[in-house]
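Just so it is clear, none of the values below were taken in a lab; they were calculated from the coordinates. Treat the numbers as computed from the prediction; the structure is a model and nothing was measured. Quick reminder, even Gly has a Cβ in these numbers, built from the backbone with ideal geometry, and neighbours come from all protein chains shown.
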Amino acid sequence: MTPKKDLNERLKQYPELAKQFEALLDIVEGEGPDRFNPNVAEEKTVVEVKKLGNQMLEDWAKTQEQWLIEDLQQQVQPIKRNGKKNSTG
């Protein structure tokens, strides 16, 4: 098993996902006029977690698609090389 990269390196591959995590951290750090209002923080958190979930699924689907394409390309290569040759005579 290969060791995992650190979180920053991994998030560089998924910039939209990184933005969602930043939005959640903004809530935790409590900036803005509503920073002392727990109800506002809760509402913002729910909205951002939903966005995070959607972004995660979108990135997951893109990753799966890429793996599938690579897998199919590897399967097709041997077929092309071992295919039946056409005879001219």
At 0.36 nm per residue, minus the direct Cα-Cα distance, what do Trp60 and Leu11 gain on full extension? Give it in nm, one decimal, please. 16.3 nm
For the chain, compute the number of Lys pairs whose alpha carbons are separated by less than 22 Å, excluding pairs fewer than 8 positions apart on the same chain. 14
Does anyone have the angle between helix 15-29 and the longest principal axis of the chain? Alpha-carbon axes, 0 to 90°, nearest 10? 20
Helix-only [θ]222 nm of the chain, DSSP H runs n ≥ 4, -39500 (n - 2.57) each, per residue, nearest 500: -26000 deg cm²/dmol
GluC sites (Glu not before Pro) within the range 1-68, DSSP loop, no more than 10 other Cβ atoms inside 10 Å: Glu31
For the chain, modelled as a Gaussian network with Cα springs under 10 Å, which listed residue fluctuates most, Val46, Val28, Val76? Val76
Semi-axes (Å, rounded, descending) of the ellipsoid equivalent to the chain per its C-alpha gyration tensor are 49, 14, 8
